[in-house]
Amino acid sequence: HKVLVLNGPNLNLLGTREPEIYGSTTLQDIEEMLQKRGQEAGIEVDCFQSNHEGVLVDKIQAARGVYDYIIFNAAAFTHYSIALRDAIAAVEVPLIEVHISNIHKREEFRHNSVLAPVAMGQICGLGVESYLAALEAIIYKLKK
Ligand code: DQA
């Protein structure tokens, strides 16, 4: 089984980016944690980050028929990218939307996710553990 972990714009700066909101864990740390947990569970975890919307669209399109699940933190694109939403709807790979911060208790413009209606579900506000919770859910589902 294979899981794709996708991260959107500015998440390459995790660790030093607004640490009071996003914490001090780097993206590399998160990716290593997910890969380690995947290994324990016998699941291959591939990780990819881009600041570019079209590159993320390409990755989602290429995931069709290759990955069992996608874990996606689309960052700011969450709130307005219809292109990403359409790509997710097109490929029919079940996707869990994740956010480090609780987007519902931040600025109004972060409350809405245009991706949520085409995602399997959304996990937010748990810090970097949002990603781990998503992977844990996937591990359980793949074991069934
Ligand atoms: C984020 C929340 C978004 O609103 C923001 O644009 C991000 C990160 C999060 O993980 O909390 O870049 O997706």
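Values in this text are rule-based calculations from the coordinates and carry no lab data. Since we're looking at a predicted model, the values are computed, not measured. Counting neighbours? That spans all protein chains shown, and the Cβs are built from the backbone with ideal geometry, glycine included.
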* Length gain on complete extension for the stretch Ala89 to Leu13, per 0.36 nm per residue less the alpha carbon to alpha carbon distance? -> 24.5 nm
* **Summed residue charge, Cβ within 14 Å of Ala134's Cβ, Lys/Arg positive, Asp/Glu negative** => -3
* To do: Select from Phe77, Gly65, Gln28 the residue farthest towards the positive end of the dipole of region 27-94; place +1 on Cβ of Lys and Arg, -1 on Cβ of Asp and Glu, and compute about the Cα centre.
  => Phe77
* Structure fact -> Here P(r) for the chain, Cα-Cα distances in 10 Å bins, as whole percents, is 12, 46, 36, 6, 0
* Show the residues, 5+ positions off or on another chain, whose built amide H is closer than 5 Å to the amide H of Asn102. => Gly125
* To do: With +1 on each Lys and Arg Cβ and -1 on each Asp and Glu Cβ, and nothing else charged, work out how big the dipole of region 101-144 is about its Cα centre, in Debye to the nearest 20.
  => 200 debye
* To do: Kindly count the pairs of lysines across the chain whose alpha carbons are less than 16 Å apart, treating pairs on different chains or eight or more residues apart as eligible.
  => 5
* Asked: Once you charge only the Cβ atoms, +1 for Lys and Arg and -1 for Asp and Glu, what is the size of the charge dipole of region 1-61 about its Cα centre, to the nearest 20 debye?
  -> 100 debye
* So between Val66 and Phe48, what do we pick up on full extension, going 0.36 nm a residue minus the alpha carbon distance? -> 5.0 nm
* To do: With r as the distance between the Cβ atoms of Lys143 and Tyr80 and R0 = 41 Å, compute the FRET efficiency 1/(1 + (r/R0)^6) and round to 0.05.
  => 0.70
